[in-house]
Amino acid sequence: MAEHSAYPVGLRLAGRRVVVIGGGQVAQRRLPALVAAGADVLLVSPSATPSVDAMAETGEIRWERRRYRDGDLDGAWYALIATRDRVANDAASAEAEARRVWCVRADDAEAATAWTPATGRVEGVTVAVLSGNDPRRSAAVRDAVVEGLRDGSLTRNRPRTPGVALVGGGPGDPDLITVRGRRLLAEADVVIADRLGPRDLLDELPPHVEVIDAAKIPYGRYMAQEAINNALIEHAKAGKAVVRLKGGDPYVFGRGMEELQALAEAGIPCTVVPGISSSISVPGAVGIPVTHRGVAHEFTVVSGHVGPDDPRSLVDWASLAKLTGTLVVLMGVDKIGLIAEALVRHGRPADTPVAVVQEGTTATQRRVDATLATVGETVRAAEIRPPAVIVIGEVVNVAAPAGPAA
């Protein structure tokens with residue numbers, strides 16, 4: 001008999017009875033999608049994985065703690081059979097056939113009346129791939145399509161939605177931007193980019209995309225915030241899809257709210273895409289956890305762009321000195337000596353470990369270690385330049401330090 005291909009269809013299971021037999025790893029993988037589809041899920045199994053158990057505890061599914069018995073598929077629209085008991089699987093499969101219930105079998109695809117495709121979801125689009133009995137090929141094709149949708153390579157020519165997206169690009173490594181941020185970048189007509197954003201991604205943009213340098217280089221030429229706001233408004237009003245590509249997260253010392261407020265006043269729609277903050281990712285890139293059991297139960301992130309004695313400073317350095325957790329200082333390279341002196345003056349021990357990480361997550365990343373007593377001179381001697389993240393606290397010594405500066 002000639003082999004027939006499967007007929008693809010999307011099942012609408014909201015409010016409909018679905019029976020899952022077996023509470024192991026297969027069920028753990030499949031149940032979330034069934035719950036997301038709104039199915040009324042009944043699990044029949046004497047045991048379950050902790051994750052499946054948690055779903056039952058929270059009421060996402062109903063769980064009858066027993067083995068399968070005839071009649072369990074009564075009223076079901078769909079069944080997933082996933083036990084290690086071949087006899088039980090055959091019996092449940094036979095009941096599904098008799099009741100005309102679409103049935104997936106984890107142990108024997110040929111004995112099933114339905115197959116589960118390799119699926120992925122991106123921005124409201126569901127990708128489902130079937131390739132017969134070759135699940136690895138299905139997954140590979142699914143992954144390629146999903147990645148193309150996420151990074152925009154499969155949708156570059158689709159109609160663009162005018163407006164602005166404030167995209168947090170992460171700490172510098174282009175692989176650390178969110179998938180949503182990368183997709184919006186691929187769909188942009190205009191990109192207004194910071195120096196601290198993932199600059200390598202700009203090379204991937206099509207030639208027609210206008211790239212505007214909004215670099216705020218410390219102690220050098222910069223584009224005033226008002227000019228950035230005006231550029232965002234001007235291009236958005238011209239009907240362009242505009243991406244404001246920022247380093248880290250737009251709202252962590254990124255002035256993202258100022259830009260959002262300017263756009264709102266101009267009646268420009270704006271999407272905010274969070275990014276990975278350098279305050280967490282850069283220490284992690286050099287082996288420093290900002291919290292660690294038995295060492296630090298909290299971490300505090302502060303801006304060091306003005307010194308402790310500057311009347312413009314909003315940081316309570318005296319209170320910070322009394323904390324025992326981790327202190328992460330951003331934009332504080334040239335003020336770290338003054339910051340360290342203030343912390344020691346207010347009670348933080350002078351031998352508190354400090355790590356300074358320059359250009360973290362990039363190819364030019366480097367780390368130097370010091371203490372509060374020595375960090376000012378160490379930074380000067382090592383010629384550390386912005387951008388750099390400064391970590392203060394015992395977490396610096398959780399892993400072996402990197403040694404002297406390169």
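With respect to Ala128, determine if the residue is within 24 Å of Gly22 (Cβ to Cβ), assigned to a strand (DSSP E or B) and within 31 Å of the chain's Cα centre (by Cα).
yes
I need every pair where a residue in region 130-151 that is within 25 Å of Val179 (Cα to Cα) has its Cβ under 6 Å from the Cβ of a residue that is of a type in the set (A, V, I, L, M) and part of a helix (DSSP H, G or I), sequence separation at least 6 or different chains.
These pairs meet every condition: Arg150/Val179; Asp151/Ala186.
Can you pull out the residues in region 286-310 that are under 17 Å from Asp334 (Cα atoms), of a type outside the set (Val, Ile, Thr) and assigned to a loop (DSSP other than H, G, I, E, B)?
Selection gives Gly304, His305, Gly307, Pro308, Asp309, Asp310.
Given Leu320, Leu343, Leu338, which one is in contact with a Ser or Thr (Cβ under 7 Å, 6 or more places away or on another chain) and assigned to a helix (DSSP H, G or I)?
Answer to the selection: Leu320.
Being buried (at least 18 other Cβ atoms within 10 Å of the Cβ) and in contact with a Ser or Thr (Cβ under 7 Å, 6 or more places away or on another chain) is true for just one of Val368, Val357, Val379. Which residue is that?
Matching residue, one of Val368, Val357, Val379: Val368.
Mind checking which pairs have a first residue in region 9-25 that is over 15 Å from Asn89 (Cβ atoms) and a second that is of a type in the set (Asp, Glu), Cβ under 9 Å, 6 or more apart or different chains?
Leu13/Asp40; Ala14/Asp40; Gly15/Asp40; Arg16/Asp40; Arg17/Asp40; Arg17/Asp74; Val18/Asp40
Among Val242, Val272, which is in a strand (DSSP E or B), more than 21 Å from the chain's Cα centre (by Cα) and either closer than 18 Å to Ala165 by Cβ or at pLDDT 95 or above (or both)?
Selected residue: Val242, the only one of Val242, Val272 that is in a strand (DSSP E or B), more than 21 Å from the chain's Cα centre (by Cα) and either closer than 18 Å to Ala165 by Cβ or at pLDDT 95 or above (or both).
Being surrounded by 13 or more Cβ atoms within 10 Å (Cβ to Cβ) and either among the β-branched types (Val, Ile, Thr) or under 34 Å from the mean Cα position of the chain (by Cα) (or both): is that true of Asp53 here?
yes
In region 145-184, which residue that is of a type in the set (A, V, I, L, M) and modelled with pLDDT under 90 is farthest from Gly254 (Cα to Cα)?
Only one residue tops the list, namely Val145.
Are there any pairs with C-beta distances below 7 angstrom linking a residue in region 169-196 that is among the basic types (Lys, Arg) to a residue that is part of a helix (DSSP H, G or I), with the two at least 6 apart or on different chains, and if so which?
Arg182/Arg150; Arg182/Asp151; Arg183/Arg150; Arg183/Asp151
When you check Asp189 against the structure, is it at pLDDT 85 or above and acidic (Asp, Glu), yes or no?
Yes; evaluated as a whole, the condition is true for this residue.
Could you check region 195-212 and list, in sequence order, the residues that are at pLDDT below 85 and among the charged types (D, E, K, R)?
Those that are at pLDDT below 85 and among the charged types (D, E, K, R): Arg195, Arg199, Asp200, Asp203, Glu204.
Pick from region 216-239 the residues that are within 19 Å of Leu196 (Cα to Cα), of a type outside the set (A, V, I, L, M, F, W, C) and surrounded by 13 or more Cβ atoms within 10 Å (Cβ to Cβ): which of them is modelled with the highest pLDDT?
Looking at the filtered set, the residue picked out is Asn229.
At pLDDT 95 or above and of a type outside the set (A, V, I, L, M, F, W, C): which single residue out of Asp309, Asp316 fits that description?
The match here is Asp316.
Residue by residue, here is whether (1) under 23 Å from Ala36 (Cα atoms); (2) touching an Asp or Glu at 6+ places or on another chain (Cβ under 7 Å); (3) of a type outside the set (A, V, I, L, M, F, W, C); (4) at pLDDT below 95 holds:
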site	(1), (2), (3), (4)
Ala56	yes, no, no, no
Arg62	yes, no, yes, no
Asp72	yes, no, yes, no
Tyr78	yes, no, yes, no
Ala98	no, no, no, no
Ala109	no, no, no, yes
Ala128	yes, no, no, yes
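Tell me which of these Ser319 doesn't satisfy, since it passes every other one: (1) more than 17 Å from Val356 (Cβ to Cβ); (2) buried (at least 22 other Cβ atoms within 10 Å of the Cβ).
Evaluating Ser319 over (1) more than 17 Å from Val356 (Cβ to Cβ); (2) buried (at least 22 other Cβ atoms within 10 Å of the Cβ) leaves (2) as the failure.
Of all residues in region 29-49, which are in a loop (DSSP other than H, G, I, E, B) and either small (Gly, Ala, Ser) or surrounded by 18 or more Cβ atoms within 10 Å (Cβ to Cβ) (or both)?
Correct list: Ala37, Gly38, Ala39, Ser45, Ser47, Ala48.
The values are calculated or read from the model by the stated rules, or taken from the named source; none is laboratory data. Note that this is a predicted model, so its numbers are computed, not measured. Methodologically, a virtual Cβ is constructed for each residue, glycine included, from the backbone with ideal geometry; neighbour enumeration extends over all protein chains shown.
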